[in-house]
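Here, each number is a calculation from the coordinates, and none is a lab measurement. Worth saying up front: this structure is predicted, and the values here are computed from it rather than measured. Heads up, the Cβs are rebuilt from the backbone with ideal geometry, glycines too, and the neighbour counts pull from every protein chain shown.
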Ligand SMILES: [Mn+2]
């Protein structure tokens, strides 16, 4: 019998797995990748009796592989907050799925573990840009302000590291970061001892400086868009940059568009004060997906840019 830990390579995926494995240590084959690489379950060829733990990747996007694994007789534990569609009923499937906008996968795991490693869930919530939830969960831990800000920095660095078209764009393979985190039940101890964090902090600050120098386009009165060049730094910072723009333009929808061949990779953020559901907007395009506050389009062909701009101008017209 083998264990497979299959997880999104961002802060949320890493911290979800880390909490579960602190509670229930098992040597496992790690399957992960860049944040946008969500078709991870299909990379495993399970045998009967194998145990698969799947974290922070849409069930809907992995449905065929999931059904295949269950059919073979593998046991699957599935924690996620992305769009799932119908959740299959199967005696070998244990699913903890909550797509509400106020949770991330690590907070679902935290609930499951009754808060045992909550500080890591706080790190993940910051990484997924759920600041209100992160501060509220941190409040229950009795940490002082600088400690909470350290957790925020860690979450943002881990999240930043996962953005890229391929693993070559990243500073660290997410599995390598997970291995570095593994000995630490306390993220503050990890922060004090991990040189990787200095690398990520400096790199993200440098990438963000370049992004903030780009022109911001006003799209009607309700949205802003930034077009970014085809470069590894753009691909790495686009998500963090979109979060930063959303804070600076809290009443607007935000779009970052990174040039990618004959089109763009798009990140979308809802106005902080609430507004249209970004996943419904993204789903107007073939490769769009995500959540209400944060969504993306993997590849937007040049021919579709005008249509996206029109939808950003009048988001309610999409039913979003
Ligand atoms: Mn997540």
Per principal axis, descending, Cα span of the stretch 142-293 in whole Å: 47, 37, 29
Over the chain - Rg/Rh using Cα atoms and the Kirkwood inverse-distance radius: 0.96
Mean Cβ neighbour count within 10 Å, used as a protection proxy, ranking 174-182, 199-207, 233-241, 28-36 highest first: 233-241, 28-36, 174-182, 199-207
Fraction of alpha-carbon pairs over 18 Å apart in the stretch 108-222 - percent: 56
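Rounded to the nearest 500, what is the 222 nm mean residue ellipticity of the chain from helices alone, with -39500 (n - 2.57) per DSSP H run of 4+ residues and division by all residues? Write out the running numbers ahead of the final one.
Details: 12 runs with 131 residues, N = 320.
Here the helix-only value at 222 nm equals -12500 deg cm²/dmol.
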Principal-axis tilt of helix 11-23 within the chain, Cα atoms, nearest 10 degrees: 10
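For the stretch 239-295, what is the relative contact order in percent, using Cα pairs closer than 8 Å and at least 6 residues apart in sequence? Intermediate results must be reported in sequence, preceding the final value.
Values: 96 pairs, mean separation 15.4, N = 57.
In percent, rounded to a whole number, it is 27.
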For the stretch 68-165, convex hull of alpha carbons as volume per residue, Å³: 122
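Based on the alpha-carbon gyration tensor of the stretch 1-101 and its eigenvalue square roots a ≥ b ≥ c, which shape applies: rounded if a/c is under 1.5, prolate if not and a/b is larger than b/c, or oblate?
Since a/c stays below 1.5, the shape of the stretch 1-101 is classed as rounded.
In square nanometres, what is one fourth of the surface area of the convex hull spanned by the alpha carbons of the stretch 176-234? Mind dumping the intermediate values first?
Values: hull surface 25.1 nm².
Result: a mean projected hull area of 6.3 nm².
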Angle in degrees between helix 63-72 and the longest Cα principal axis of the chain, rounded to the nearest 10: 10
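Can you give me the Rg/Rh ratio for the stretch 214-318, using Cα atoms for both radii and the Kirkwood formula for Rh?
Values: Rg = 12.1 Å, Rh = 13.1 Å.
With Rh from the inverse mean 1/r over Cα pairs, Rg/Rh is 0.92.
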The chain, relative contact order [Cα under 8 Å, separation at least 6], %: 13
Percentage of interatomic Cα-Cα distances in the stretch 46-112 larger than 15 Å: 47
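Classify the stretch 150-191 from the C-alpha gyration tensor, please: rounded if a/c falls under 1.5, else prolate or oblate depending on whether a/b exceeds b/c. Kindly include the intermediate steps, with their values, before the conclusion.
On the way: a/c = 3.87, a/b = 1.62, b/c = 2.39.
Oblate.
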